[in-house]
Amino acid sequence: MRIGIDLGGTKIEIIALDDDGGELLRHRVATPQGDYTATVQAIAALVEQTENRLQHKGSIGIGIPGAPSMVSGLIKNANSTCLIGKPLQNDLQQALCREVRLANDANCFALSEASDGAGVGADVVFGVILGTGVGGGIVVHGRVLTGCNAIAGEWGHNPLPGLSEHPQPACYCGRSGCIETYLSGPGMSQDHFCHNRASLASPDIVAGAEAGDATCEATLRRYESRLATALAGIINILDPDVVVLGGGLSNIDRLYVNVPRLWEEHVFSDHVVTRLVRNRHGDSSGVRGAAWLWERTA
């Protein structure tokens, strides 16, 4: 049995899978806000409850909004700031009395979709999160590529190519003009406001474009162009078989037609066979990928 846990900013979700990936149990609880010790205790309690209910112990993989430092083992780059600088893996292993594997939540998403999702059978999968933030994960021959700095796939904090506007939007990471500041849901909303002085959330912009609103249509076209340019950079470096989109913005149907058409002019090839596809497992991808970490992570 494989147990996967998705540690999010607002909820902690647990899933138990059998050897074939069949779901045995799923449950979620609220994340203790800003309380590291309570978060560790909540994860340990979820595992205990799950194993008691199923009468079986399992391997444990956990997706987190950050990554362990390759130097210290302490958590870095986490938007759940109470985790930063904490020995999360060590504390969980002590609480659970066994080895625990941690991975960035975007890596878990990519692994899930490569294992038995929209990227199954592909040699190289780039998984993309387009939501409140922008993240990515890379899976090669069924294994997560972590990298020597534990940042493989972190395309959201590269500068968006081709920008000429000044000033560029500031990012929480301390830089300006990051891909995340343009391609996240809040980034789309901010772009719409800058051009129209109208505050709309990304779902409302999409609905407006579908209803024929010219300003919303223009915002979506800028978004598609920027997404195509950013993904073309990934294709030029990684040359993946498939790019799988996840997060709330992955539900915009037109992206899967328009973005591949637009990225062709930026890809260094006479023909682009990389596929852009929607995720298969939706909100379940992160927690399912965490469950697959035990056998699949390099």
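The values are calculated or read from the model by the stated rules, or taken from the named source; none is laboratory data. This structure is a prediction, so every number in the text was calculated from the model and none was measured. Heads up, the Cβs are rebuilt from the backbone with ideal geometry, glycines too, and the neighbour counts pull from every protein chain shown.
The table for this structure:
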{"item": "Residue in segment 12-29 that is within 16 Å of V100 (Cα to Cα), of a type in the set (D, E, K, R) and over 23 Å from the mean Cα position of the chain (by Cα) present", "result": "no"}
{"item": "Single condition S164 does not satisfy, out of (1) assigned to a helix (DSSP H, G or I); (2) hydroxyl-bearing (S, T, Y); (3) out of contact with any His (no Cβ under 8 Å at 6 or more places or on another chain); (4) free of Cβ contacts under 8 Å to residues at least 24 places away in the same chain", "result": "(1)"}
{"item": "When residues of segment 141-150 are limited to those that are assigned to a loop (DSSP other than H, G, I, E, B) and touching a Lys or Arg at 6+ places or on another chain (Cβ under 9 Å), the one surrounded by the most Cβ atoms within 10 Å (Cβ to Cβ)", "result": "A150"}
{"item": "Out of I205, I138, sole residue that is assigned to a strand (DSSP E or B) and at negative phi", "result": "I138"}
{"item": "Condition met for L83 (touching a residue at least 12 places away in the same chain (Cβ under 8 Å), closer than 18 Å to A38 by Cβ and buried (at least 19 other Cβ atoms within 10 Å of the Cβ))", "result": "yes"}
{"item": "Scope segment 208-222; condition surrounded by fewer than 18 Cβ atoms within 10 Å (Cβ to Cβ) and either touching a residue at least 12 places away in the same chain (Cβ under 8 Å) or in a helix (DSSP H, G or I) (or both); matching residues", "result": "E210, A214, T215, E217, A218, R221, R222"}
{"item": "Filter result (part of a loop (DSSP other than H, G, I, E, B) and in contact with a helix residue (DSSP H, G or I) (Cβ under 7 Å, 6 or more places away or on another chain)) within segment 176-201", "result": "A198, S199, L200, A201"}
{"item": "Answer residue from segment 231-266, given it is polar (S, T, N, Q) and buried (at least 16 other Cβ atoms within 10 Å of the Cβ) and is nearest to G136 (Cα to Cα) among those", "result": "S250"}
{"item": "Failed item in (1) touching a residue at least 40 places away in the same chain (Cβ under 8 Å); (2) within 14 Å of L231 (Cβ to Cβ); (3) out of contact with any strand residue (DSSP E or B) (no Cβ under 6 Å at 6 or more places or on another chain), with L276 passing the rest", "result": "(3)"}
{"item": "Search result, residues across segment 166-186 that are over 18 Å from the mean Cα position of the chain (by Cα) and buried (at least 17 other Cβ atoms within 10 Å of the Cβ)", "result": "P169, G177"}
{"item": "Test for V272: is it in a loop (DSSP other than H, G, I, E, B), at pLDDT 95 or above and in contact with a Phe, Trp or Tyr (Cβ under 9 Å, 6 or more places away or on another chain)", "result": "yes"}
{"item": "One residue from S269, S225, S189 being hydroxyl-bearing (S, T, Y), assigned by TED's automatic domain parsing to the domain that holds A150, surrounded by fewer than 20 Cβ atoms within 10 Å (Cβ to Cβ) and within 20 Å of V140 (Cβ to Cβ)", "result": "S269"}
{"item": "Test: residue in segment 235-254 that is β-branched (V, I, T), out of contact with any helix residue (DSSP H, G or I) (no Cβ under 6 Å at 6 or more places or on another chain), under 30 Å from A209 (Cα atoms) and part of a helix (DSSP H, G or I)", "result": "yes"}
{"item": "Considering residues of segment 110-135 that are among the small types (G, A, S) and in a loop (DSSP other than H, G, I, E, B) only, the residue nearest to G289 (Cα to Cα)", "result": "G117"}
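For (1) in contact with a helix residue (DSSP H, G or I) (Cβ under 8 Å, 6 or more places away or on another chain); (2) at pLDDT 95 or above; (3) of a type outside the set (G, A, S); (4) not assigned by TED's automatic domain parsing to the domain that holds R28, each residue gets a yes or a no:
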position	(1), (2), (3), (4)
P65	yes, no, yes, no
L83	yes, no, yes, no
E113	yes, yes, yes, yes
I138	yes, yes, yes, yes
V144	yes, no, yes, yes
